[in-house]
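*Asks:* Structure below; questions to follow.
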Amino acid sequence: MKYRQILIAGGCGFIGSSLGIFLKNKYPCVDITALDNLKRRGSELNLARLKDNGIRFVHGDVRNPEDLSFERGVDLVIECSAEPSVIAGMDNPVYMIHTNMSGAVNCLELCRRHKADIVFLSTSRVYPYRAINNIPVVETGTRLTWKSGRRLQGWSSHGINEEFTTQGPKTLYGATKLSSEMFMHEYMDRYGIRGVINRCGVIAGPWQFGKVDQGVFTLWMLAHYFKRSLHYIGFKGKQVRDILHVSDLCRLIDLQISDIGRVNGKVFNVGGGLKANLSLLETTNLCRRITGNKVVIKKQAECRPGDVGIFITDTRMVQRETGWHVREPAEVILDDIYRWICVNERQIKKTLF
């Protein structure tokens with residue numbers, strides 16, 4: 001490991017804390033700082049975990065440049081501090097825009113001052129939902145599947161790749177992340193910053209406090225465990241997403257920062273791909289089998305703005321460039337979440353309910 005001072009922006013969040021602990025356990029001599037404003041529910045529970053693993057916590061907000069004044073030095077920034085909820089962006093667009101865009105620019109400024117490298121966690125939401133929904137689908141008993149035979153740039157039977165169009169509405173969340181990507185390219189070109197962009201699909205695993213539009217697979221398991229009702233919103237529960245275990249994402253970022261020159265300037269689609277994907281109906285069946293519980297699931301015919309029927313990530317480019325591959329299938333991810341809930345039931349219930 002060439003880096004000695006790593007800053008994780010959003011370091012108390014689900015991904016940030018998981019990544020910090022992963023890297024600290026593998027590279028104990030590296031100094032890791034987690035910066036977070038602790039706004040998202042459950043993030044405060046990661047403070048003890050970070051401390052137990054020797055990770056320094058700084059209470060700060062990426063929107064405030066003064067909170068990113070690190071005189072001790074930083075040689076790598078991992079930017080995963082965004083407000084990731086599409087619904088939150090509808091209700092409070094100013095907070096989302098300032099957090100996701102101003103926060104990213106402030107992190108880039110920190111990299112410019114310290115000549116640090118950067119890993120930026122973007123999102124599959126940069127791809128416009130209408131273009132995705134225009135891909136023909138076939139409805140089966142438990143899911144929607146893409147209809148083969150049509151040629152479309154950026155899409156194939158492997159999923160959606162990095163050449164898929166980014167032109168068109170993509171939700172405010174997606175717009176802020178794509179804009180931040182553009183700022184990052186400019187900083188890299190102008191100031192010689194090295195970095196890589198990962199457009200992540202649905203990430204899941206222990207220590208995630210899921211919402212209906214962010215962390216839906218964890219939400220589904222939480223609801224089944226605690227016997228809370230759910231909703232199928234549009235698509236009759238047959239909408240499909242790929243799912244990536246957070247440990248698989250941590251392994252990828254480790255590979256990237258171990259040889260940043262190899263991936264410098266690259267943009268990768270990162271997700272469970274063809275190995276790990278589920279519809280909500282299929283997720284329900286797995287959650288019932290794992291927990292032994294059956295919950296009430298209501299149906300809402302209308303979709304929400306920005307919803308897509310299917311998104312499966314084509315991961316072939318990141319596999320070619322880094323040698324990384326997805327290890328954990330969907331069933332294992334859900335089982336890991338279940339076992340985490342069992343061990344931490346009282347703490348989770350107090351936080352969520």
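The values are calculated or read from the model by the stated rules, or taken from the named source; none is laboratory data. What you see is a predicted model, and the numbers here were worked out from it, not measured in a lab. Glycine also receives a Cβ, built like all others from the backbone with ideal geometry; neighbour counts cover every protein chain displayed.
*Asks:* Does SER247 satisfy being surrounded by fewer than 21 Cβ atoms within 10 Å (Cβ to Cβ), among the polar types (S, T, N, Q) and either within 17 Å of the chain's Cα centre (by Cα) or at negative phi (or both)?
*Replies:* yes
*Asks:* Looking at the structure I just gave you, is ARG262 over 19 Å from the mean Cα position of the chain (by Cα) and closer than 25 Å to PHE120 by Cα?
*Replies:* So ARG262 fits the description; yes.
*Asks:* Kindly list the number of the only condition in (1) buried (at least 17 other Cβ atoms within 10 Å of the Cβ); (2) assigned to a helix (DSSP H, G or I); (3) not acidic (Asp, Glu) that fails for ILE193.
*Replies:* The failed condition is (2).
*Asks:* Here is a further query. Pairs only if they're at least six apart or on different chains, beta carbon under 9 angstrom, first in region 135-152 and surrounded by 14 or more Cβ atoms within 10 Å (Cβ to Cβ) and assigned to a loop (DSSP other than H, G, I, E, B), second modelled with pLDDT under 95 and not acidic (Asp, Glu); list them, first residue then second.
*Replies:* Within 9 Å, the pairs are ILE135/LYS147; ILE135/ARG150; ILE135/LEU152.
*Asks:* Scan region 77-86 and tell me whether some residue there is under 20 Å from ARG194 (Cα atoms), hydroxyl-bearing (Ser, Thr, Tyr) and crowded, with 21+ Cβ neighbours inside 10 Å.
*Replies:* Yes, region 77-86 contains at least one residue that is under 20 Å from ARG194 (Cα atoms), hydroxyl-bearing (Ser, Thr, Tyr) and crowded, with 21+ Cβ neighbours inside 10 Å.
*Asks:* Let me ask you something else. For region 204-213, does any single residue satisfy the condition of being outside any loop (DSSP other than H, G, I, E, B), within 23 Å of the chain's Cα centre (by Cα) and farther than 17 Å from ILE312 by Cβ?
*Replies:* Yes, because at least one residue in region 204-213 is outside any loop (DSSP other than H, G, I, E, B), within 23 Å of the chain's Cα centre (by Cα) and farther than 17 Å from ILE312 by Cβ.
*Asks:* Just need a number here: residues in region 204-229 that are touching a Ser or Thr at 6+ places or on another chain (Cβ under 8 Å), over 22 Å from ALA48 (Cα atoms) and modelled with pLDDT of 95 or more.
*Replies:* 6
*Asks:* Looking at PHE70, is it surrounded by fewer than 23 Cβ atoms within 10 Å (Cβ to Cβ) and assigned to a strand (DSSP E or B)?
*Replies:* Considered against the rule, which asks whether it is surrounded by fewer than 23 Cβ atoms within 10 Å (Cβ to Cβ) and assigned to a strand (DSSP E or B), PHE70 comes out as no.
*Asks:* Of all helices (runs of 4 or more DSSP H) completely enclosed by region 314-353, which ones contain at least 3 residues that are β-branched (Val, Ile, Thr) and under 16 Å from SER247 (Cβ atoms)?
*Replies:* 330-343
*Asks:* Considering only region 153-190, how many residues are aliphatic (A, V, I, L, M), in contact with a strand residue (DSSP E or B) (Cβ under 8 Å, 6 or more places away or on another chain) and in a helix (DSSP H, G or I)?
*Replies:* Adding up the residues that qualify gives 3.
*Asks:* Suppose the filter is more than 18 Å from ARG339 (Cα to Cα) and under 13 Å from the mean Cα position of the chain (by Cα); does ARG190 pass it?
*Replies:* The answer is no for ARG190.
*Asks:* Keeping to region 1-16, report how many residues are aliphatic (A, V, I, L, M) and in a loop (DSSP other than H, G, I, E, B).
*Replies:* 1
*Asks:* Could you tell me whether any residue of region 154-163 is touching a residue at least 60 places away in the same chain (Cβ under 8 Å), surrounded by fewer than 16 Cβ atoms within 10 Å (Cβ to Cβ) and farther than 17 Å from GLY273 by Cβ?
*Replies:* No; the residues of region 154-163 include none that is touching a residue at least 60 places away in the same chain (Cβ under 8 Å), surrounded by fewer than 16 Cβ atoms within 10 Å (Cβ to Cβ) and farther than 17 Å from GLY273 by Cβ.
*Asks:* Looking at region 48-67, which of its residues are in a helix (DSSP H, G or I) and farther than 13 Å from GLY11 by Cβ?
*Replies:* ALA48, ASP52, PRO65, GLU66, listed by residue number.
*Asks:* Further question on the same structure: Name the residue that is farthest from CYS250 (Cα to Cα), counting only residues in region 22-47 that are assigned to a strand (DSSP E or B) and not hydrophobic (A, V, I, L, M, F, W, C).
*Replies:* For region 22-47, the residue satisfying everything is ASP36.
*Asks:* Here's another thing I want to ask about it. Return the residues of region 105-134 that are surrounded by fewer than 19 Cβ atoms within 10 Å (Cβ to Cβ) and acidic (Asp, Glu); say none if nothing qualifies.
*Replies:* Matches in region 105-134: GLU109 only.
*Asks:* Can you pull out every residue in region 253-272 that is crowded, with 22+ Cβ neighbours inside 10 Å and under 14 Å from GLY201 (Cα atoms)?
*Replies:* Matches in region 253-272: PHE268, ASN269, VAL270, GLY271, GLY272.
*Asks:* Can you name the residue in region 45-67 that is among the small types (Gly, Ala, Ser) and surrounded by fewer than 15 Cβ atoms within 10 Å (Cβ to Cβ) and, of all such residues, is modelled with the highest pLDDT?
*Replies:* By that ranking, first place goes to GLY54.
*Asks:* Being surrounded by fewer than 22 Cβ atoms within 10 Å (Cβ to Cβ), on the phi > 0 side of the Ramachandran plot and not in a strand (DSSP E or B) narrows it down to one residue among LYS236, LYS275; which is it?
*Replies:* LYS236
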